[in-house]
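What follows draws every value from the coordinates through simple rules; no lab data is involved. Please read these numbers as outputs of a predicted model, since none were measured by experiment. Don't worry about glycine lacking a Cβ; one is built from the backbone with ideal geometry, like all the others, and counts go over all protein chains shown.
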Number of protein chains: 2
Amino acid sequence: MVQQYFYPKRLKSNDNIELGQEDSFHLIKVMRAVSGTPIEIVSSDGEKYEAKVREATIPTPIDILSKVTKKFELPVKVTILCGLPKQNKADLITQKATELGAHQIGFLEMDRSISSWDQKKRKSKIERLQKIAKEAAEQSHRTRVPKLIFLDGNQEIDFSDNLVIVCDEDIAKSNHPFSLKKTLEEHPNSHSILMIFGPEGGLSDAERQLLKDKGAVFSSLGPRILRCETAPLYALSVISALTEL
Amino acid sequence: MVQQYFYPKRLKSNDNIELGQEDSFHLIKVMRAVSGTPIEIVSSDGEKYEAKVREATIPTPIDILSKVTKKFELPVKVTILCGLPKQNKADLITQKATELGAHQIGFLEMDRSISSWDQKKRKSKIERLQKIAKEAAEQSHRTRVPKLIFLDGNQEIDFSDNLVIVCDEDIAKSNHPFSLKKTLEEHPNSHSILMIFGPEGGLSDAERQLLKDKGAVFSSLGPRILRCETAPLYALSVISALTEL
């Protein structure tokens, strides 16, 4: 499997570029690339190019070859917004949701969140998750790094997406037939979807009411109860199955 | 959300039972159930019953009420068989694949597995994973605990399932249109499916040839490259989307 790196500028075929310090070090010292090793470079506008190492030095000079026309991104822009979960589950959600094609990944403290990110540590936590997302995007050969966001509360939720779906386990437990597939079929042409997931204890009644009042659609994630970190990964996989397979 | 426990015998409505020591302790001391608290009990034949605590003692006497008719299991029996991954990824795969409905979960040392489970520790490792699966099955309100298996090598793979699918990232990277959805559509009426996943480094050519010779079908998991622990979770979610949503 060839290595892929993101490059912060636009590119065209036959460009000659120099890889940044960190990526060069990874490519030459960790991956032991040599002169002529094929790699892939994604430009700032999300285009992927085949490329090769010109010389195994740091920083590394790279020859850009032809553009790759295949698509790697989900055809629907999906933002997942999760009630802040316990422990290192935010890391797991970020890495896996990136692999599974999320457009944006957000966290917010909800009524039943046990964890709390105090104001001072928030910036460094988001930077850390953003780095996890970048590495996962490279590893999964995506052409976009999902943006990480942190909201101060429900009132900051952006309802400008075509479709806002609340994945609520209380609906899964009851027999209401609002499955995610049906919800998506009832809202065709939804090019950008915001999906909201509760923390470990689920949503509070006040949160359900607020989201309902704002026009969110409630949906279930099938017959089994998924943990808060599993639910967004299942949802992204279902959207992939229904839109790109 | 009510607690669910597995009971090692068959049950019928109006039975009066006593919960085992460990489950009783969990129910009364950890979950703080009281007399009358509703719970769910799954019998040894996979039937789920509504039930309630008769008295908050240990062991706990339970009144079995009515049978739950809703289905919780995937309509297709899916066994996932993974090349032994690094570190604690086997734990993650076991927990999440259980939530996502796997019928059986297996591991085997493949040519490119870096980890190795020596003969002496194998039994305790499988027991540990079996315990993770039991807890995840209770938490996700399934009516079956997936069986954990460990194979000594490729020659022990059981090809008696209707359909054996090898999920191969080299196919995902090339442009072959063998997507998992298409593979499933080409093999309707597959009631039991064995899905094989490589370890971190993927399958060796020798393994690909052996599996091909045995009649396995090769398929891809969409346009992005998934880590070895993400691939089976995606595959189970896709099968759920296509068969039960």
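Key figures
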read-out	value
Hits among lysines - C-alpha to C-alpha of B:Lys70 under 17 Å, sequence gap 8 or more where chains match	A:Lys173, B:Lys12, B:Lys48
Cβ neighbours within 10 Å from other chains - mean over B:218-227	6
Relative contact order for the range A:17-114, counting Cα pairs under 8 Å that sit 6 or more residues apart, in percent	22
Inter-label distance for B:Met1 and B:Glu47, nm, one decimal - labels placed 7 Å from Cα along Cα-to-Cβ	2.6
³J(HN,Hα), Karplus 6.51/-1.76/1.60, whole Hz, each residue of the range A:81-88, x for Gly, Pro	10, 10, x, 3, x, 6, 6, 9
Relative contact order (%) - criterion: Cα under 8 Å, at least six apart; region: chain A	20
Gap separating the Cα centres of the range A:145-169 and the range B:75-126, nearest whole Å	34
Rounded if a/c under 1.5, otherwise prolate or oblate - the range A:86-185, Cα gyration tensor axes	oblate
Semi-axis lengths, Å, the protein assembly as shown, gyration tensor of Cα atoms, sqrt of 5 times eigenvalues	40, 28, 21
At 7 Å out from Cα toward Cβ: B:Glu127 inter-copy label distances (nm, ascending)	4.7
Taking A:His141, B:His191 and counting other C-beta atoms within 10 Å, the order from fewest to most	B:His191, A:His141
Most mobile listed residue (A:Ile157, A:Ile165, A:Ile80) in chain A, GNM with C-alpha springs under 10 Å	A:Ile157
B:Gly106 long-range amide H proximity, modeled H, under 5 Å	B:Ile80, B:Leu81, B:Cys82, B:Ile149
Spin-label pair B:Lys125/B:Thr69, simplified geometry with 7 Å Cα→Cβ offset, distance in nm	4.6
Residue pairs, from the table A:Lys181/B:Lys9; B:Lys181/B:Lys214; A:Lys121/A:Lys182, whose Cα atoms sit over 29 Å apart	A:Lys181/B:Lys9; A:Lys121/A:Lys182
Average other protein chain Cβ within 10 Å of Cβ, residues A:96-103	4
Chain A: angle of helix A:89-99 to the longest principal axis, Cα-based, in degrees nearest 10	60
Within a Gaussian network of chain B (alpha carbon springs, distance under 10 Å), most fluctuating of B:Ile105, B:Ile126, B:Ile58	B:Ile58
Evaluated at q = 0.10, 0.12, 0.16 Å⁻¹: base-10 log I(q)/I(0), Debye formula over Cα of chain A	-0.54, -0.73, -1.09
Hz values of 3J(HN,Hα) by residue in the range A:118-128 - Karplus curve (6.51, -1.76, 1.60), Gly and Pro given as x	6, 2, 5, 8, 4, 4, 5, 5, 5, 4, 5
Residues with amide H under 5 Å from that of B:Lys214, placed H, sequence gap 5 or more	none
Sorted by Cβ density within 10 Å, fewest first, the residues A:Arg122, B:Arg32	B:Arg32, A:Arg122
Theoretical gain in end-to-end length, B:Arg32 to B:Leu151 [0.36 nm per residue, Cα-Cα removed]	38.8 nm
Within 10 Å of each Cβ in B:23-35, the average number of Cβ atoms from other chains	0
